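Let me begin by presenting the structure, written as structure tokens, before commenting on it.
The values are calculated or read from the model by the stated rules, or taken from the named source; none is laboratory data. This one's a predicted model, so the numbers in the text were calculated from it and none came from an experiment. Cβ coordinates were reconstructed from backbone atoms using ideal geometry, including for glycine residues, and neighbour counts include every protein chain displayed.
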Amino acid sequence: MRAASNAALRAAAPLVLLLLLALLVAVAVRLPWAGDLGIHAATVERLRHDLLDPGNPLVDEKTPSPYYSPWTVSLAVLGDVTGLGTFTVLRIAALLSLTLLVTGVWRFTGTFTGASTGRTRRTAVTVLVLLCLLLLWGTSLFNWSGFLGLNSLALTVSYPSTFALGVSFHFWALLRGALARGSGLPLFLGLGLLWSVILLSHQFSGVVASFGALAMVAGARPWPVRAVWTRLAAGLAVGAVVLAAWPYYSFFSLFQAQGLEEIHQALYGNLLGRYWLLLPGVFALALRLRRDRRDPLVVFFALGALMFVAGGVSGHYSWGRVLPAAVIPAQVAAGLEVFGQGRRAVRTAFAAVLGAALLAGAWTQSGVLGYVLPRDALPPPIADRYHPPWRGYQWVTPWAKYGDVVLATMFPARQIPGYGPYTVAPGYPDFFLPDEDARARAVDTYFAPGTTRAERLDVLRRYEVRWIVSHRDDAGLAATDPALHKVTTGPGDQTLYEVVGDPG
């Protein structure tokens with residue numbers, strides 16, 4: 001029975017992979033916007049206009065930014081060379097990141113299945129691991145960059161986090177192979193360079209990649225000889241030098257960043273609802289632990305879980321971003337276990353439980369179909385699970401041009417810079433912006449009901465505001481004020497005003 005089930009899985013794997021890739025490619029082309037897409041578009045925009053000194057991606061200041069990474073610099077160069085628009089470049093980025101992710105999972109799972117595994121069987125294992133990575137989460141939907149749930153990936157597929165995780169799977173596979181073969185110094189130096197690229201491109205995913213690398217080393221069999229440890233140290237040194245020399249921002253100053261805990265506290269909420277479908281993966285890890293006390297997936301899981309718990313206990317909620325370091329090895333272990341060796345009854349029962357968990361995960365995340373199909377084409381139960389993406393602010397672009405300063409509240413400020421203009425206050429926390437709080441207070445002052453006209457005009461003058469986006473319920477200068485000219489209206493009772501003449 002188990003043999004027949006595995007044969008059926010192997011036969012269906014190519015079709016499942018094709019359907020999965022078709023869905024992900026369609027999502028990448030549609031590029032739904034409900035999150036941080038604006039800041040990544042703004043980053044590419046700034047680099048395209050000044051590759052060497054782009055300044056702050058969100059506000060008109062010359063500050064460094066951790067968003068300027070090897071990946072975003074490459075995307076900006078791609079945009080300049082091809083002349084493609086920034087959002088088209090991000091669609092290409094999404095497709096490249098998906099390619100890296102799928103091929104990375106293929107290579108990484110291959111290090112556990114053995115060189116003698118046939119291509120059909122290896123494809124089946126890879127497909128099952130991919131399904132676990134996308135669906136084995138919980139029955140409460142949760143979206144966050146660096147978290148590979150299907151719905152989350154649909155919204156973050158063009159983000160640097162997806163690129164970084166895709167490269168991480170290749171990094172772990174290469175490292176396992178290098179340790180097993182005792183490869184020469186050049187490969188380890190290249191791994192050090194790759195490690196630095198991951199860390200620079202998405203710092204939180206870089207921590208996950210680092211934990212994974214530690215686990216691959218700790219679980220290496222045979223244990224590395226002294227020469228290999230020397231090569232590892234050399235690779236680590238190369239990575240550290242690249243991190244220190246990166247010209248766009250000081251990587252090591254990020255360890256002093258403040259104000260990240262409040263926004264990340266949400267990572268510790270509703271843990272059971274978000275992750276209980278991961279239990280088969282935890283069981284698979286327990287089986288692996290019985291077979292090998294130094295199993296790399298077990299060590300990987302332990303490192304991630306310990307840091308996540310430490311963050312919750314100590315109040316360092318930003319440490320919660322390392323949770324994929326616990327989730328990913330459990331998901332990979334679950335997929336591998338179905339095709340592993342062991343007692344037939346246990347494997348058969350495990351496959352049945354895992355299949356049920358995957359179906360529950362697929363149902364939970366079925367609303368992702370709304371990103372590629374019209375809502376009225378979806379069955380009502382699935383349509384109810386679909387969350388429409390944001391409408392965007394294309395409607396201001398005929399007037400607000402690149403480099404113009406727009407005064408807007410938090411929600412518009414998260415999107416408008418993606419089209420080229422700046423905002424008075426950044427829509428996201430910015431450790432490198434010294435007057436971040438003053439800018440936020442200025443926006444609050446302008447839109448506060450009790451603010452005088454003179455105080456509002458002072459805000460406009462101080463930040464050289466050219467445009468104002470306001471909602472119907474926002475306070476501010478009256479539409480008839482001589483300092484303003486109503487230009488157009490947008491979705492949700494929003495209005496674009498031009499600041500005319502001297503606001504003083």
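Okay, here's what the table says:
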item: Any hit, the stretch 249-263, residues being in contact with a Phe, Trp or Tyr (Cβ under 6 Å, 6 or more places away or on another chain) and surrounded by fewer than 20 Cβ atoms within 10 Å (Cβ to Cβ); result: yes
item: Criterion (surrounded by 20 or more Cβ atoms within 10 Å (Cβ to Cβ) and in a loop (DSSP other than H, G, I, E, B)) met by exactly one of LEU148, LEU179, LEU130, LEU191; result: LEU148
item: Filtered residues of the stretch 39-89 (kept if touching a Gly at 6+ places or on another chain (Cβ under 7 Å) and surrounded by fewer than 15 Cβ atoms within 10 Å (Cβ to Cβ)); result: LYS62
item: Test for THR230: is it in the same structural domain as LEU95 (by TED's automatic domain parsing), surrounded by fewer than 20 Cβ atoms within 10 Å (Cβ to Cβ) and farther than 20 Å from ARG274 by Cβ; result: yes
item: Subset of the stretch 225-259 (residues that are in a helix (DSSP H, G or I), of a type outside the set (A, V, I, L, M, F, W, C) and more than 19 Å from PHE188 (Cβ to Cβ)); result: SER253, GLN256
item: Neighbours by Cβ (under 6 Å, 6+ apart or cross-chain): first from the stretch 359-388, crowded, with 17+ Cβ neighbours inside 10 Å; second among the hydroxyl-bearing types (Ser, Thr, Tyr) and part of a helix (DSSP H, G or I); result: ILE382/SER366; ARG385/SER366
item: Pair list, Cβ under 8 Å, 6 or more apart: the stretch 265-292 residue over 17 Å from ALA352 (Cβ atoms), other residue hydroxyl-bearing (Ser, Thr, Tyr) and in a helix (DSSP H, G or I); result: GLN265/TYR317; LEU267/TYR317; TYR268/TYR317
item: Where LEU369 falls short, out of the listed (1) assigned to a loop (DSSP other than H, G, I, E, B); (2) closer than 25 Å to ALA22 by Cβ; result: (1)
item: Among (1) touching an Asp or Glu at 6+ places or on another chain (Cβ under 9 Å); (2) under 21 Å from LEU17 (Cα atoms), the one test that ALA76 misses; result: (2)
item: Any hit, the stretch 296-316, residues being surrounded by 14 or more Cβ atoms within 10 Å (Cβ to Cβ) and hydroxyl-bearing (Ser, Thr, Tyr); result: no
item: Which numbered condition THR489 fails, given (1) assigned to a strand (DSSP E or B); (2) surrounded by 13 or more Cβ atoms within 10 Å (Cβ to Cβ); result: (2)
item: Meets criteria (among the small types (Gly, Ala, Ser), under 24 Å from PHE147 (Cα atoms) and in the same structural domain as LEU131 (by TED's automatic domain parsing)) for ALA349; result: no
item: Filtered residues of the stretch 443-486 (kept if of a type in the set (Lys, Arg) and assigned to a strand (DSSP E or B)); result: LYS486
item: Contacts under 8 angstrom Cβ, first residue in the stretch 203-225 being free of Cβ contacts under 8 Å to residues at least 60 places away in the same chain, partner small (Gly, Ala, Ser), 6 or more apart; result: GLY206/ALA164; ALA209/ALA164; ALA209/SER168; PRO224/GLY182; VAL225/GLY182
